[in-house]
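Worksheet: one structure, shown below.
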């Protein structure tokens with residue numbers, strides 16, 4: 001059963017496209033200067049302040065500097081001051097990227113476009129232009145806009161490397177801690193086990209200094225947060241594009257690797273060896289977790305892509321998804337959820353209640369009756385509701401109570417075991 005509430009107001013912070021842009025730029029792990037023009041008066045609060053408490057790392061290199069302007073600031077005589085502030089900041093901070101954005105609903109900005117073109121020659125770094133249309137969407141639209149704009153700066157007309165080289169487009173890298181860093185390393189480990197080099201992921205730590213090397217890839221792995229179809233990406237880049245759901249759990253990870261191996265004509269013996277090795281390492285722990293978890297009911301609260309991924313892992317562990325709450329408005333809702341679960345190799349759960357894009361009050365009431373045995377959700381403030389008392393695995397954005405000092409992936413074979421451990425801990429009420 002699905003419930004479409006996507007026309008209502010929905011839960012913050014997922015209604016904030018600028019926050020999605022901010023998170024995408026933060027993921028680059030480099031100094032970035034942004035000139036953002038608001039529809040109304042310029043805000044006194046930096047958008048980066050909303051990441052406070054989510055990412056505790058202080059050595060990632062991520063450093064966003066904002067110039068916040070109003071539409072009135074773009075009057076002809078004032079605009080050069082703003083542009084010069086951006087250019088000077090980029091030079092002083094040795095920034096990897098300059099960014100210009102402005103919100104929809106503003107008056108004609110065509111002369112702004114001309115100013116930006118002239119400005120490119122004054123900057124010591126590439127200039128990233130983000131379209132107004134991003135800000136009419138949600139958090140995930142904003143993040144995908146950064147992914148696409150970064151891909152647009154890559155000189156795809158340059159030749160690829162002689163050896164198979166892959167870049168991931170659409171990885172949601174939301175902080176520079178052990179969980180997200182381990183996701184990249186797990187993907188690197190598995191891709192390189194196939195004999196394929198992993199290039200700079202779009203988006204992930206260190207990309208701010210390496211994104212121009214993306215042209216070396218001869219294949220792009222298109223993940224859901226890219227916000228663009230494989231066909232459009234292939235047309236733009238001239239590269240082979242392999243589209244995949246998030247590789248979370250044993251089945252989805254195998255599916256992704258099988259797709260890559262088929263497209264790149266990798267010998268089946270190499271793939272069989274990899275699968276055999278990984279199953280021997282992972283299955284004892286997963287079987288133990290299944291004995292603890294089988295038959296228990298799980299509620300999953302996430303965006304559509306991550307909800308599908310968690311649903312796949314839950315099914316492998318014998319859990320029964322009873323409630324799935326989709327926090328995005330832009331990723332397709334229940335229909336896309338079912339498609340992603342099926343593409344990952346699972347039967348979509350028939351008895352799960354699916355709620356798409358609820359408002360905050362609606363979300364708070366969802367488990368008042370018939371509560372699940374365990375919950376997977378972000379660290380939203382649901383104090384005073386029934387959610388507060390349920391065994392919970394905090395994951396995704398934001399996560400202000402759970403932080404990782406050691407590698408703890410979500411994706412891949414290692415991620416399946418790591419997250420099975422977290423669910424068992426939640427059910428057993430130990431951490």
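The values are calculated or read from the model by the stated rules, or taken from the named source; none is laboratory data. Every value quoted in this text rests on a predicted model; they were computed, and no experiment measured them. Using ideal geometry, Cβ is built from the backbone for each residue, glycine included, and neighbour counts are taken over all protein chains shown.
Tabulated data
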read-out	value
In region 192-209, residue farthest from the chain's Cα centre (by Cα) [restricted to those that are surrounded by 21 or more Cβ atoms within 10 Å (Cβ to Cβ) and closer than 22 Å to residue 265 by Cα]	196
Scan of region 218-233 for residues that are crowded, with 17+ Cβ neighbours inside 10 Å and assigned to a helix (DSSP H, G or I), ordered by number	224, 225, 226, 230, 233
Residue identified as touching a residue at least 12 places away in the same chain (Cβ under 8 Å), within 20 Å of the chain's Cα centre (by Cα), closer than 30 Å to residue 381 by Cα and assigned by TED's automatic domain parsing to the domain that holds residue 126 among 56, 68	56
Counted residues, region 157-173 - those being within 30 Å of residue 56 (Cα to Cα), in contact with a helix residue (DSSP H, G or I) (Cβ under 6 Å, 6 or more places away or on another chain) and in a loop (DSSP other than H, G, I, E, B)	3
Per-region count, region 350-361, residues surrounded by fewer than 20 Cβ atoms within 10 Å (Cβ to Cβ) and modelled with pLDDT of 95 or more	1
Among the residues listed as 21, 11, 32, 67, the single one being assigned to a helix (DSSP H, G or I) and at pLDDT 75 or above	21
Positions within region 87-117 being part of a helix (DSSP H, G or I) and at pLDDT 70 or above, in sequence order	87, 88, 89, 90, 91, 92, 93, 117
Hits in region 13-26 - residues which are surrounded by 22 or more Cβ atoms within 10 Å (Cβ to Cβ) and closer than 16 Å to residue 52 by Cβ	19, 22, 23, 25, 26
Matching residues, region 202-217, being farther than 16 Å from residue 164 by Cβ and in a loop (DSSP other than H, G, I, E, B)	203, 204, 205, 206
Within region 240-281, tally of residues that are under 25 Å from residue 339 (Cα atoms) and either in contact with a strand residue (DSSP E or B) (Cβ under 7 Å, 6 or more places away or on another chain) or in a helix (DSSP H, G or I) (or both)	21
Residue within region 408-416 that is surrounded by fewer than 22 Cβ atoms within 10 Å (Cβ to Cβ) and over 30 Å from residue 276 (Cβ atoms) present	no
Residue within region 313-320 that is assigned to a strand (DSSP E or B), modelled with pLDDT of 95 or more and under 28 Å from residue 226 (Cβ atoms) present	no
Among (1) at pLDDT 95 or above; (2) within 29 Å of residue 276 (Cα to Cα); (3) under 16 Å from the mean Cα position of the chain (by Cα), the one test that residue 166 misses	(3)
Inter-residue pairs, beta-carbon under 8 Å, first free of Cβ contacts under 8 Å to residues at least 24 places away in the same chain and in region 261-275, second crowded, with 18+ Cβ neighbours inside 10 Å, 6+ apart	268/261; 275/254; 275/257
Test result for residue 83, within 19 Å of residue 143 (Cα to Cα) and in contact with a helix residue (DSSP H, G or I) (Cβ under 6 Å, 6 or more places away or on another chain)	no
Strands (runs of 3 or more DSSP E) enclosed by region 333-431 - at least 2 residues per element that are over 19 Å from the mean Cα position of the chain (by Cα)	353-356, 374-377
Residues satisfying the stated conditions in region 135-156, i.e. in contact with a helix residue (DSSP H, G or I) (Cβ under 8 Å, 6 or more places away or on another chain) and without any contact (Cβ under 8 Å) to a residue 60 or more places away in the chain	153
Region 181-191, residues that are in contact with a helix residue (DSSP H, G or I) (Cβ under 8 Å, 6 or more places away or on another chain) and farther than 22 Å from residue 243 by Cβ	182
